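The next block holds one structure in the form of structure tokens; read it before the comments.
The values are calculated or read from the model by the stated rules, or taken from the named source; none is laboratory data. Bear in mind that the values here come from a model prediction, so they are computed numbers and not experimental data. Backbone-built Cβ (ideal geometry, glycine too); neighbour counts: all protein chains shown.
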Amino acid sequence: MTRKGKRLTLIIGALAVLGLAAGLMLFALRDNIVFFYTPSELAQKQTAPGARLRIGGLVKEGSVVKNGKDVSFVVTDRTKDLDITYTGLLPDLFREGQGVVVDGQLQAGGKFRADSVLAKHDERYMPKDVADALKKQGVWQGEQK
């Protein structure tokens, strides 16, 4: 075999290994590629309790109940609601009617235990995926910038 032939074989082998590695990574991450789920998407997915997820939506008006550092509230996409519990300090911009993304675990009974809560940073911002989900459902009321 000539030097060119050996080099070509080596390059083809390296590309095959790289393609296989990329395929395995995409297969392993197929359910985790989504940044977060809306409450409606979560209801359709029927995820088992204990799964780690990100949920995004709006904090439902009148749903925030504080008890010391324990907070419970409802995240909605105006179609489905999801009860959230969180222990810790909430972001300063957290309030009812505003967009949030929460990280945590789905509990038995359809409740969600959040480890972190992310809130919007100004009066015009809403996470793009939340805005897109609301637009898809026909309930979007603001202007995305």
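Structure values in brief
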| item | result |
| --- | --- |
| In the stretch 59-69, the residues that are at pLDDT 90 or above and in contact with a Gly (Cβ under 9 Å, 6 or more places away or on another chain) | Val59, Lys60, Glu61 |
| Qualifying residue in the stretch 73-88 (condition: among the aromatic types (Phe, Trp, Tyr) and either within 17 Å of Ala119 (Cα to Cα) or touching a strand residue (DSSP E or B) at 6+ places or on another chain (Cβ under 7 Å) (or both)) | yes |
| So Phe73, is it surrounded by 10 or more Cβ atoms within 10 Å (Cβ to Cβ), in contact (Cβ under 8 Å) with a residue 60 or more places away in the chain and either in the same structural domain as Ser116 (by TED's automatic domain parsing) or not aliphatic (A, V, I, L, M) (or both) | no |
| Residue in the stretch 53-61 that is without any contact (Cβ under 8 Å) to a residue 40 or more places away in the chain and out of contact with any His (no Cβ under 6 Å at 6 or more places or on another chain) present | yes |
| Selection from the stretch 1-38 of residues that are modelled with pLDDT under 90 and either in contact with a strand residue (DSSP E or B) (Cβ under 8 Å, 6 or more places away or on another chain) or β-branched (Val, Ile, Thr) (or both) | Ile33, Val34, Phe35, Phe36, Tyr37, Thr38 |
| Residue within the stretch 76-94 that is part of a strand (DSSP E or B), aromatic (Phe, Trp, Tyr) and more than 21 Å from Lys136 (Cα to Cα) present | yes |
